[in-house]
Amino acid sequence: MRYTVIKPPTRQEQALIRRKIKEAVKAHGGLRPAARHLKIKSSYLGSLLDGTRKNPSDWYLRKLGLRRVTYIEEI
């Protein structure tokens, strides 16, 4: 069985993830209320926000309103 390799997000993608978390925090009045609303542990959300964790799974990305897109195109 072959496993797909998920490349880590670029700096721009990491900035987008942090921006979406900050929007949720602002909308819900704090990190814990935002985490409760998104059904994500607040410690994990904080780790994504401060950059300790950098490569969230597709499930977490969907919760933030994002999706991972990989494709091959001809140049």
Worksheet, complete the sentence: For segment 1-23 the number of residues that are closer than 16 Å to ARG62 by Cβ, of a type in the set (A, V, I, L, M) and within 12 Å of the chain's Cα centre (by Cα) is 3
Worksheet, complete the sentence: Restricting segment 2-51 to residues that are more than 26 Å from TYR71 (Cβ to Cβ) and among the polar types (S, T, N, Q), the one surrounded by the fewest Cβ atoms within 10 Å (Cβ to Cβ) turns out to be SER43
Worksheet item: Hey, ARG68 hits all of (1) surrounded by fewer than 11 Cβ atoms within 10 Å (Cβ to Cβ); (2) within 10 Å of the chain's Cα centre (by Cα) but one; which does it fall short on?
Response: (1)
Worksheet, complete the sentence: Residue hits (segment 1-16; in a loop (DSSP other than H, G, I, E, B) and among the hydrophobic types (A, V, I, L, M, F, W, C)) are MET1, VAL5, ILE6
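Values quoted throughout were computed directly from the atomic coordinates according to the rules given, and no laboratory measurement underlies them. What you see is a predicted model, and the numbers here were worked out from it, not measured in a lab. Note that each Cβ is placed from the backbone with ideal geometry, even for glycine, and that neighbours are counted across all protein chains shown.
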